[in-house]
Amino acid sequence: MLSAVSVELNRHDWGSLATVHGTAAEVPAEVAALVAATTEAEAERHYDYLGNNVVVQGNLYEAAVPLVSVLCAALIEESPAAARTETLRLVTEIVLGDTHYSEVRAGRPDLAERAREHARAGLWLFYRELVHGSATNAEYAADILDYIETDRERYELFRAQAKSG
């Protein structure tokens, strides 16, 4: 069966992308495990790995940019609830992040905006979560949309609709 996550993962040379600890060579295996996680503990463990390597305390590393596209691909597929929540949590952390100073020095000052652009490409995925997702997922989606949505009127209309339920 064709997997959007696999296709998107294979589009990138993860071993050439920077993380806080070196390269992102381990990211594909961690993402695959995250999106397949069936328990909260399992999903959190893979979220923690990615959150401690690609985006650390709000600081983005090079691998965060393509990771957003992979995580958006995961959101189009059916996934266990725990996996979906941690996927949205990770997108939120990346979208709200800023480029780490080491990346700026390496000539990559625009990682945060590039990551937001990738998230913006999946705009309707986040609106779906805002309207139809669990309370937690809707909250993550609202945070993401607050940063990436350029049409504030649309965002406010959807927020009001989601709140009125």
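The values are calculated or read from the model by the stated rules, or taken from the named source; none is laboratory data. Quantities reported herein were computed from a predicted structural model and do not represent experimental measurements. Methodologically, a virtual Cβ is constructed for each residue, glycine included, from the backbone with ideal geometry; neighbour enumeration extends over all protein chains shown. Quick note on the areas: whole protein, heavy atoms, side chains included, nothing else; ligands and nucleic acids left out. Shrake-Rupley method; radii C 1.70, N 1.55, O 1.52, S 1.80 Å.
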Completion exercise
Per GNM of the chain with C-alpha springs under 10 angstrom, the most fluctuating residue out of Gly22, Gly122, Gly97 is Gly22
Handout entry: Under 14 Å from the Ala160 label point (7 Å along Cα→beta-carbon), backbone N, the stretch 135-153
Key = 152-153
Handout entry: Computed E for Ile76/Arg105 - FRET, C-beta separation, R0 35 angstrom, nearest 0.05
Key = 0.45
Practice task
With a 1.4 Å probe and every protein chain kept in, tell me what percent of the accessible surface of the chain is carbon plus sulfur.
Solution key: 49 percent
Problem - Per residue accessible area in Å² of the chain, where ligands, DNA and RNA are left out and the probe is 1.4 Å - result: 50 Å²
Exercise for the section: Compute the relative contact order of the chain as a whole-number percentage, counting only Cα pairs closer than 8 Å that sit 6 or more residues apart in sequence. Expected result: 20 percent
Exercise for the section: Could you check which residue among Leu123, Leu60, Leu111 shows the biggest mean-square fluctuation in a GNM of the chain with a 10 Å Cα cutoff? Expected result: Leu123
